[in-house]
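Novice: Structure in structure tokens, see below.
The values are calculated or read from the model by the stated rules, or taken from the named source; none is laboratory data. Since the structure is predicted, the reported quantities are computational estimates derived from the model, not experimental observations. Note: ideal-geometry Cβ built from the backbone for every residue, glycine included; neighbour counts use all protein chains shown. Just so you know, the surface numbers come from the protein's heavy atoms only, side chains and all, with ligands and any DNA or RNA stripped out. Shrake-Rupley method; radii C 1.70, N 1.55, O 1.52, S 1.80 Å.
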Amino acid sequence: MDLILFGVAWVILSLLGEWGVSAWGPHFYYFTASTQALDGLNASIFLFRFLTPIFFFVVLMLIFVPLRFKHREATVKAQGRRARTNRPFVAIWITVSILVNVLFFLHPTTSAAEQQFDSLLPQNLHGALIVDVTARQWEWHFGYPQYGVTAAKDPNGNDVLYLPVGRTVEFVLRSYDFNHPYALGLDVIHSFWIPAFGEKEDVIPGETRYEVIDPTVITSTEQNPMVRVQCAEVCGPGHPYMYAAVHIVSDQAFLKWVAAEHKAGN
Amino acid sequence: MASVITETVPQQSRRQPLPPVVRGLIWATIGFLVVNVLMSYVLDPLAGHPFITNSSVVLGWFAAVVGWLLGVGAWEEIVLPSFGILDRSVVTGTGWRQYFAMSLNHKVVGIQYLVASTGGFFIAGLAAMLMRLELMSPTMWLFPYPGQYLTTVGIHGTIMMFSVGTVALVGGLGNYLIPQMIGSNRSAFPKVSSISVWLVPVGILTVAFSPLLGQWTTGWRGYEPLAQNDANGILFYYLGVFALTMSSFLVSLNLTATILFKRTKGMTWNRIPMFAWGMLVVSLLNIIWLPEIQMTFVLGLLDRLVPLPFFTAVGSNLTYLELFWLFGHPEVYIVVLPALALWMEIMPVMVRKPLFAREWGVIGVIFVMLLSGFVWAHHMFTNMTYAEELPFSFFTEMISIPTGLAYMVVIGTIWKSNFKLTVPSLLILMSMFNFLIGGMTGVFNADPVVDLQLHDTFWVVGHFHFTIIGGMVFTWIAAMYYWLPKFSGRTYNPKLGVLGAIWIFIGFDGAFSLMFLVGMEGMNRWVPVYPSYLQPLNIAISIFAFILGAGFLFNLLHIWWAMKSGPKVEANPWKSKSLEWMTESNPLAENFPVEPVVISGTYDYDVDGVAAIIPNPAG
Amino acid sequence: MEVVHSNQVVRPAAHVEQELETRKVFGAFVLFLFGMSVPYFLMINVRFIMAAGFVPSSADQTTGAIQAVLTLISALTAWAAIRAIRGGNTSAYRVNLGLTLVLGWVSTLMMAWEWWYHPFDAMSHYGETFLTTVGLVAVMNLSGLLTLWASRARAKRLGSDQTLVRGYRLAGMYWIFLAVAALVMYIELYFA
């Protein structure tokens, strides 16, 4: 009887929860502007789908039990072996938790890893826009070696990142102080993060690292502040100020911007 | 084995000329001054300029700690006896005085640990309140400089982790309860715990006063190479953590030996209380990983002092990250395993039903311990190659299986039980709810493709506070209410207790669940300044955080009041079968005048009768 | 429950109690050594991460070898001291421990020499691991020497009561552990 009551309540709650995942899940990332962010979002929704019934099972237990079994008479108290274990319950619990975890490891973990490996294969980077990203305390510095732009700046002299929509971008991430190149040990770990792109990679002194992104939406920092470069790894007192504006524009607008940068001598 | 009662009574006792704490302070001051002068005037080639240098303050600090420990009582109780001089032992005070001296009574040591930990909790909590105050505005307004904010973050995290998370349940409740739970009159090595507790205030104050040497902006992880790049406050971070971890290491040795070798007759492996299992696995983790992080921090310290290039940009800064998290993730389980064990310890008493599937609960904590050493690099998904992510992701996902077993055991125990909703059981239900959220959000962090977005955002801040406050602090408070009659012979006011529980639940869940949202919306960590579109959520978080802070203070005052003047209760108000409730409430120096003999499991609430008897020596 | 208040304390036979006490002390000692070995393992790891198996040609093999031999002999004398005290021979224990102390001090002071006179760049990856590893060994040795000194003084003042022998043996065993660790580190630093 208790079991049926509990079961019904659990099914109802889980269905409500799944409805909530459908309604709210797509907004989990707030704003996505790259295929990588969409991959992460879809993986999250998949996880939410499976976690919802588990979550409500435990939560319902924590609420149902104190209400239902409050101060029951001692006469109904369970006795002997039945009170101490319940083989089927234990077996189901362990089997389910192993299966769910193996499932999560296969998808989304391993399936996403395969995509990540693929994204770095040379044939998939053919025609990609290469952006040199240099982090120092405390500045993001962008260069476009394919276009001869060494230091992308806006008219006010602030670092700015322009990306053409729909073209694969390969960020080449390095951390050193380009104003003091003789001081090799000067810089620290930063983390290159554009929230709307759904991915961040640390920028580590002494290493060159890569991040591949496919921007999908024409947007900019002015339109949505989630489209900004933000340092995500603490890098000293200037850490909160280490951001830069991002513009994702059409191909033509990008070429126009490159020409303007050339004209400005950047 | 009957204990040897007269073993430690000194042949010739005398009074100390000064109270131990005062003497400790004087010796510490002398130690610091002598070594500091030696370093900065005699050995330093730039003699006397300035008075305090990096190396003089570090060595002076070590001298001060040695002086403090010797002055507090280690000189008479440990150093002289080990050289064969036995007649200098000093009388430990009685009454309140014994709490301000080295004490061989494990209950006094437990209380000392609990008080020190609580002190650390509120110092670090104050730091958290300052942080939340600053974050109510997207610009700098409370702190003049970002470095000060970041130093506050570091102090908050370091004190919380090393003096509360790893200490309150192990040094505090472990020392107080474990010998009683296994039917012993003392811990295995009373002197070890009696001296290790005095390292806790040293560590807390060292970290809290680190701004004396300058700002440090790395947070509690001391990330390299930023630590080399910061001002000198980081020195006191290394030193304070060294003192605190040393304290936990010694306690762990003592507790492990106590559980392994001091069990009374009949306390077989099948009957060891779950809390003792928790302490055992945690202590083993401590014994492995605390020396590891100490050595790592010594290398970090030498990087600054000498300076060596170990973890700098020309060395290998990722090595530091690996070494830190190699300790850092087991640390999380060091914090939370005692809490899981306490759920399983307290719940059967509350619901009058035997512990469900006990063996699986034990398997759970053991496998969490074993797997905890294989997951560290999930903190580093953003700085490793894609190929390296998979094994760590795998183990991180798998560790939820043994962790989940604790839930299975408790749920099985409370199902169809005679449930008593008391303040401890309410707080444990809350703790299970909160830790569940912590665990479920951890599934997202375990998945690299999602973690690359979540990492280093407020999502992660919400996640680990749900595991640590939700898992450990709620359980700690539950345990304080549960064992209140043991500590004092008095109990709490149920209405105020429920109020306190609901109060912190609302404050906690409000503040930290909103952190998930603000993190997803693009708020990164360690920033006193942020884009203004994030302000509304931050104000809401701050308000809930202040409610939470006041709630903790309320619970502290309530417990304090209950201990001093709460209603008096009988010795075993919960009708527990566990051995610690067989002792007098507010136990005597000797827990068990006669050694008890355990005759059945301590969770067998399905049968009447006691779990242990006190044999009649005459018969 | 039945609580019997009595002034009488049940005491099992003294030898049983001693047996249990011995198990406790040695069990805890093993745990302690387990923890104490972690920093050495960490330094081995760090060395191979930083410098792989590189050993500079300028490494001072003679000093290292002398030191290793002294350490080895000191472990043997410590072992002899343990054997002596198990046989109840306090004076032989003190003599052997005295020898261990002298050898231990000489080898530890030689580490100061290695520190001072290091024929390679301290800023190199090998150099930094060398200096810190030697430093670790030296600091741990100092703790061992202090233990030996205390144990020797205790043996002199208190003699060899059965309950004390355990402590005397532990001091020797701790030194043997340190000596073995130092030898491993010697091989790692000079040959690996």
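Novice: Check region B:589-600 and report whether any residue there is assigned to a helix (DSSP H, G or I), in the same structural domain as residue B:218 (by TED's automatic domain parsing), open to solvent by 40 Å² or more (accessible area, probe 1.4 Å) and more than 29 Å from residue B:147 (Cα to Cα).
Specialist: no
Novice: Sort out for me the helices (runs of 4 or more DSSP H) sitting completely within region B:461-553 that have 1 or more residues that are farther than 22 Å from residue B:349 by Cβ.
Specialist: Hits in region B:461-553: B:494-520.
Novice: State all residues of region B:517-533 that are surrounded by fewer than 20 Cβ atoms within 10 Å (Cβ to Cβ) and more than 8 Å from chain A (Cβ to nearest Cβ); if no residue qualifies, say none.
Specialist: Selection gives B:517, B:532.
Novice: It is to be established whether one or more residues within region B:180-197 are within 15 Å of the chain's Cα centre (by Cα) and open to solvent by 30 Å² or more (accessible area, probe 1.4 Å).
Specialist: No, region B:180-197 contains no residue that is within 15 Å of the chain's Cα centre (by Cα) and open to solvent by 30 Å² or more (accessible area, probe 1.4 Å).
Novice: What is the residue count in region A:60-89 for residues that are over 21 Å from residue A:50 (Cβ atoms), at the interface with another protein chain (Cβ under 7 Å from one of its Cβ atoms) and either at pLDDT 85 or above or surrounded by 15 or more Cβ atoms within 10 Å (Cβ to Cβ) (or both)?
Specialist: Residues in region A:60-89 being over 21 Å from residue A:50 (Cβ atoms), at the interface with another protein chain (Cβ under 7 Å from one of its Cβ atoms) and either at pLDDT 85 or above or surrounded by 15 or more Cβ atoms within 10 Å (Cβ to Cβ) (or both): 10 in total.
Novice: Give me the helices (runs of 4 or more DSSP H) completely within region B:171-262, filtered to those with at least 1 residues that are farther than 24 Å from residue B:461 by Cβ and away from chain C (no Cβ under 14 Å), ordered by residue number.
Specialist: B:175-181, B:190-196, B:199-208, B:233-261
Novice: In the set B:280, B:301, B:305, B:285, which member is more than 14 Å from chain A (Cβ to nearest Cβ), open to solvent by less than 20 Å² (accessible area, probe 1.4 Å) and under 21 Å from residue B:54 (Cα atoms)?
Specialist: B:301
Novice: Which count do you get for residues in region A:182-203 that are of a type in the set (Ser, Thr, Tyr) and open to solvent by less than 10 Å² (accessible area, probe 1.4 Å)?
Specialist: Qualifying residue count, region A:182-203: 1.
Novice: Another question, if that's okay. Name the residue that is most open to solvent (accessible area, probe 1.4 Å), counting only residues in region A:135-163 that are touching a residue at least 60 places away in the same chain (Cβ under 8 Å) and within 14 Å of chain B (Cβ to nearest Cβ). Break it down stepwise before answering.
Specialist: Keep residues of region A:135-163 that are touching a residue at least 60 places away in the same chain (Cβ under 8 Å), which gives A:135, A:137-140, A:142, A:144, A:147-155, A:158-163.
Filter again for within 14 Å of chain B (Cβ to nearest Cβ), leaving A:135, A:137-138, A:140.
Details: A:135: 0, A:137: 38, A:138: 100, A:140: 4 Å².
Ranking the candidates gives A:138 first.
Novice: Between a first residue in region A:193-217 that is in the same structural domain as residue A:170 (by TED's automatic domain parsing) and a second residue that is among the small types (Gly, Ala, Ser) and surrounded by fewer than 22 Cβ atoms within 10 Å (Cβ to Cβ), which pairs have beta carbons less than 6 Å apart while being 6 or more apart in sequence or on different chains?
Specialist: Pairs found: A:212/A:119.
Novice: Would a scan of region C:69-89 turn up a residue that is buried (at least 16 other Cβ atoms within 10 Å of the Cβ), among the charged types (D, E, K, R) and more than 30 Å from residue B:315 (Cα to Cα)?
Specialist: No, region C:69-89 has no match at all.
Novice: A follow-up question, please. How many residues are within 12 Å of chain B (Cβ to nearest Cβ) and either more than 17 Å from residue A:142 (Cβ to Cβ) or part of a strand (DSSP E or B) (or both) when one looks only at region A:197-221?
Specialist: 15
Novice: If you don't mind, there's one more thing I want to ask. It is to be established whether one or more residues within region B:310-318 are part of a helix (DSSP H, G or I), open to solvent by less than 10 Å² (accessible area, probe 1.4 Å), more than 10 Å from chain A (Cβ to nearest Cβ) and touching a residue at least 40 places away in the same chain (Cβ under 8 Å).
Specialist: Looking through region B:310-318, none of the residues is part of a helix (DSSP H, G or I), open to solvent by less than 10 Å² (accessible area, probe 1.4 Å), more than 10 Å from chain A (Cβ to nearest Cβ) and touching a residue at least 40 places away in the same chain (Cβ under 8 Å).
Novice: Then there's this: Out of C:144, C:172, C:104, I need the residue that is more than 14 Å from every other protein chain (Cβ to nearest Cβ), open to solvent by less than 30 Å² (accessible area, probe 1.4 Å) and in contact with a Leu (Cβ under 6 Å, 6 or more places away or on another chain). Which one? Lay out the reasoning, then the answer.
Specialist: Numbers: C:144 fails: more than 14 Å from every other protein chain (Cβ to nearest Cβ); C:172 fails: in contact with a Leu (Cβ under 6 Å, 6 or more places away or on another chain).
Unique residue meeting the criteria: C:104.
Novice: Can you confirm whether residue A:179 is open to solvent by 10 Å² or more (accessible area, probe 1.4 Å), touching a residue at least 60 places away in the same chain (Cβ under 8 Å) and either polar (S, T, N, Q) or assigned to a loop (DSSP other than H, G, I, E, B) (or both)?
Specialist: The answer is no for residue A:179.
Novice: Determine whether region B:482-494 contains at least one residue that is among the charged types (D, E, K, R), open to solvent by 10 Å² or more (accessible area, probe 1.4 Å) and modelled with pLDDT under 95.
Specialist: Looking for residues that are among the charged types (D, E, K, R), open to solvent by 10 Å² or more (accessible area, probe 1.4 Å) and modelled with pLDDT under 95, one finds at least one in region B:482-494, hence yes.
Novice: Do you know which residues across region B:415-452 are closer than 30 Å to residue A:192 by Cβ and in contact with a strand residue (DSSP E or B) (Cβ under 6 Å, 6 or more places away or on another chain)?
Specialist: Selection gives B:452 alone.
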